[in-house]
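Below is one structure, written out as structure tokens; the observations come after it.
The values are calculated or read from the model by the stated rules, or taken from the named source; none is laboratory data. In this text the structure is predicted, and so the values were computed from the model without any measurement. FYI the Cβ positions are ideal-geometry reconstructions off the backbone, even for glycines, and counts take in every protein chain you see.
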Amino acid sequence: MSVKKVLTGNHAVSYGAMVSRVQVISAYPITPQTQVVELLSEMVADGLLKAIFVNVESEHSAMSACVSASAAGARAFTATSAQGLALMHEMLHWAAGDRLPIVLADINRAMAPPWTIWTDQNDSLSQRDTGWMQVYVESNQEAFDSIILAYKVAEQIYLPCMVVLDAFVLSHTSEPIEIYDQEKIDEFLPPYKPMVTIEPGKPIGYGALAGPDTYMEFRYKMQKAMEKAVSVFEKEGKLFGEMFGRTYDLVEPYMLDDAEYVIVTVGAVTSTARVAIQELRKKGEKVGLLKLRVVRPFPFEKLRNILKGKKKVAIIDRNISFGHHGIFYEEIKSALYPLQDRPIVYGYIAGLGGRDVTVGDIIGIYEDMKKRETLDEAIWRGVKL
Amino acid sequence: MIMKNWQIPEDELLYSGHAACQGCGGALAMRLALKALGENSVVTIPACCWTIISGDVLYNALKIPVFHTAFETAAISAAGLKAGLTMRGLKDTTVFAWAGDGGTFDIGIQSISGAAERNEDIIYFVYDNEAYMNTGIQRSSATPWGAWTTTTPVKHPEDKPKKNIDEIIAAHGVPYQATVNIAFPEDFIRKVQKAKGIKGFRFFHIFAPCPPGWKIPSDISIRAARLATQTNVFPLYEIEHGKNYRVSYMPPKKVPVSEYLKIQGRFRHLKEEDVEFIQKMVNENFDSLLKKHELTHGTLQNIPSPEFYR
């Protein structure tokens, strides 16, 4: 029988890992992530979770331990934020290149300097091209659910998956979470049975030198796996809904059917945007919301189908690619380019380093988009100069 | 004290098709280590000559699984493999890391220190050829004073003594560590077999000549290795729990370091006073080691003589 618990986003992630029956956890403390692994180390010590917890001396080693443990055939988990994720960078490539279905929870924290511990997406998006899948969540329930789903998808396509949630807005905020019956979770997520493992009696070389005549095929297969992951996410998200009552897709439309204007959000700001959309709808505005949940693999077709024929789209980026624009703005705009009836797209940079993005801010973005006539890019909101 | 009938397993777990240079100390070291460890083993190899030696992506020169890992991760990679295998019920498998001196003394030292302090149940081997040989002979902190490398040219050769990695490991109080030399295979295999039966973090410092990097002909790499121990440049010893020292080899008569240095091109530029300086350092280091042995055993009489290894 499922139970309800009031959990912070961090602890929802810990429970997600526990019910996924992770076998090796390796982590290093960093705010705001630390509570995730604190609770997991207690779960291991109390025997609630049969796993080995490797208390390493750096995030680089944390990811390295996960890589090797996963290669040895164990289900591996870690969590981190910002500087810790940046330090893992080399081993993130290793995890993906070795085709290991590791799951990592990244509690979005802006990058230093200047020192900061508050949310934005530049830490996870700096790892965009490592070959990891990336799922951004809106609520603590979604964080919990997404850990289970991440393993289910990752273990089918042999690529690692990052589940990303906002610092403090989710990580340290409590919400009621439904924790499903363990037997049903086990039915949804059976034990990890990899195709290839490092173990005695199988004298293979794993990750050895590949010359120009063999390397490219490894990369091609990673890309094909990512492309396949779109349908796997969709299929497993539906099955998850049938079994647990919450269906997940790569994108989530809200009040979009008759909308002429669309706001696109990624992460916890989506919840705020829902309220803004409700208020605008009360005033008769034809506006809807599109939540982008899975950003790797990128759901090109779904975005095109939803956004084609709309008048204007405003993308809220809690991130920036310096010298270019907001990263989701870049990506969505380029995805829409092949459409004949593509909408005009504006990119809004907001909420960096944890600056609050309020309902009023989002209404302001809508009003700005609606009246704007020039093709401006990288429009900053809330900068105090 | 003479030990007859040394047992060296005949099994070969290193195939002949590996990609090492002729006379490679690192290749012979692996052959000996595998004889002692046997087939119920897995190895993780960071960036080093052995990344190449073990074969490209379609091949594997070893009869055990090889996991390739990033440069600075050998120790934690072994610990991760051990954790994964343990969770799968494969608790008896020996997991070992096999790294060069650069990957150990320099870039990997943080991960080694972490694994040693946590007493991870792995064996760590460093095959020390005293420079970054795979990238073309650049100095590492294992490069000895006075040596030429491509980043310590003859006009400004290495001006710092070799880092004492063994004392750094000993400071962690690990259950077992030893120095071994490819020119002393019986001692090498005996120590690895002994380590195999111990739980926790075990560390081997292997002296492994590199003919191209040391500028020696490939057919004298064993001779160079043997001279390193005979001259006390590379003494053989064991340390238990960071405090019990046992010297494994007492040279018969004092062989001057010049015998070791003069056969190597990398030391060709050294002047007489440089050789004297090296001799002084070697004497001091060996005396200090003997004192630690004496402190442990109360005598120097139990240190084996060369006859022990015949």
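Quick look at the values:
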item: Residue match in region A:70-77 (condition: in contact with a helix residue (DSSP H, G or I) (Cβ under 8 Å, 6 or more places away or on another chain), at pLDDT 95 or above and more than 14 Å from chain B (Cβ to nearest Cβ)); result: no
item: Residue that is farther than 18 Å from B:ILE239 by Cα and within 17 Å of the chain's Cα centre (by Cα), where the choices are B:ALA170, B:ALA147, B:ALA142; result: B:ALA142
item: Matching residues in region B:92-121 - criterion: being polar (S, T, N, Q) and in contact (Cβ under 8 Å) with a residue 40 or more places away in the chain; result: B:THR93, B:THR94, B:THR104, B:SER113, B:ASN119
item: Checking A:MET1 against (1) out of contact with any helix residue (DSSP H, G or I) (no Cβ under 7 Å at 6 or more places or on another chain); (2) surrounded by fewer than 24 Cβ atoms within 10 Å (Cβ to Cβ); (3) at pLDDT 95 or above, the condition it does not meet; result: (3)
item: Candidates A:ALA82, A:ALA71, A:ALA110, A:ALA95 - the one that is assigned by TED's automatic domain parsing to the domain that holds A:LEU170, crowded, with 24+ Cβ neighbours inside 10 Å and more than 24 Å from A:GLN35 (Cβ to Cβ); result: A:ALA71
item: Residues that are away from chain B (no Cβ under 14 Å) and among the basic types (Lys, Arg), drawn from region A:219-260; result: A:LYS224, A:LYS228, A:LYS235, A:LYS238, A:ARG246
item: Test: residue in region A:330-340 that is more than 30 Å from A:VAL153 (Cβ to Cβ) and over 26 Å from the mean Cα position of the chain (by Cα); result: yes
item: Test: residue in region B:246-264 that is among the polar types (S, T, N, Q) and in contact (Cβ under 8 Å) with a residue 60 or more places away in the chain; result: yes
item: Residue ranges of helices (runs of 4 or more DSSP H) in region B:41-156 with at least 3 members within 25 Å of B:GLU167 (Cα to Cα); result: B:74-87, B:109-117
item: Some residue of region A:214-225 being under 15 Å from A:VAL137 (Cα atoms) and in a helix (DSSP H, G or I); result: no
item: Residue, nearest to A:GLU330 (Cα to Cα), within region A:361-381, restricted to residues that are surrounded by fewer than 16 Cβ atoms within 10 Å (Cβ to Cβ) and either of a type in the set (A, V, I, L, M) or at pLDDT below 95 (or both); result: A:GLU377
item: Residue tally, condition out of contact with any helix residue (DSSP H, G or I) (no Cβ under 9 Å at 6 or more places or on another chain) and part of a loop (DSSP other than H, G, I, E, B), over region B:290-309; result: 3
item: Filter result for the condition that a residue is more than 14 Å from chain B (Cβ to nearest Cβ) and surrounded by fewer than 16 Cβ atoms within 10 Å (Cβ to Cβ), over A:VAL269, A:VAL275, A:VAL169; result: A:VAL275
item: Top-ranked residue of region B:270-301 - restricted to ones that are in contact with a Leu (Cβ under 9 Å, 6 or more places away or on another chain) and among the aliphatic types (A, V, I, L, M), ranked as nearest to B:GLU167 (Cα to Cα); result: B:LEU290
item: Positions within region A:190-222 being among the acidic types (Asp, Glu) and in contact with a Gly (Cβ under 8 Å, 6 or more places away or on another chain), in sequence order; result: A:GLU199
item: Region B:58-92, subset farther than 18 Å from A:VAL67 by Cα and not charged (D, E, K, R), residue surrounded by the fewest Cβ atoms within 10 Å (Cβ to Cβ); result: B:GLY89
item: Which listed residue, of A:TYR15, A:TYR28, is within 13 Å of another protein chain (Cβ to nearest Cβ) and of a type in the set (Phe, Trp, Tyr); result: A:TYR28
item: Candidate set from region A:335-376 (those that are in contact with a strand residue (DSSP E or B) (Cβ under 6 Å, 6 or more places away or on another chain) and assigned to a loop (DSSP other than H, G, I, E, B)); member that is nearest to A:ARG274 (Cα to Cα); result: A:ALA350
item: Region A:204-218: number of residues that are without any contact (Cβ under 8 Å) to a residue 40 or more places away in the chain and facing chain B (nearest Cβ under 7 Å); result: 7
item: Yes/no for A:GLU252 being surrounded by fewer than 24 Cβ atoms within 10 Å (Cβ to Cβ) and more than 18 Å from the chain's Cα centre (by Cα); result: no
item: Looking only at region A:121-157, and only at residues there that are aromatic (Phe, Trp, Tyr) and in a helix (DSSP H, G or I), the one that is farthest from A:ARG246 (Cα to Cα); result: A:TYR151
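Every residue, every condition in (1) charged (D, E, K, R); (2) touching a His at 6+ places or on another chain (Cβ under 8 Å); (3) at the interface with chain A (Cβ under 8 Å from one of its Cβ atoms), yes or no:
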residue	(1), (2), (3)
B:LEU37	no, no, no
B:THR44	no, yes, yes
B:VAL57	no, no, yes
B:ALA74	no, no, no
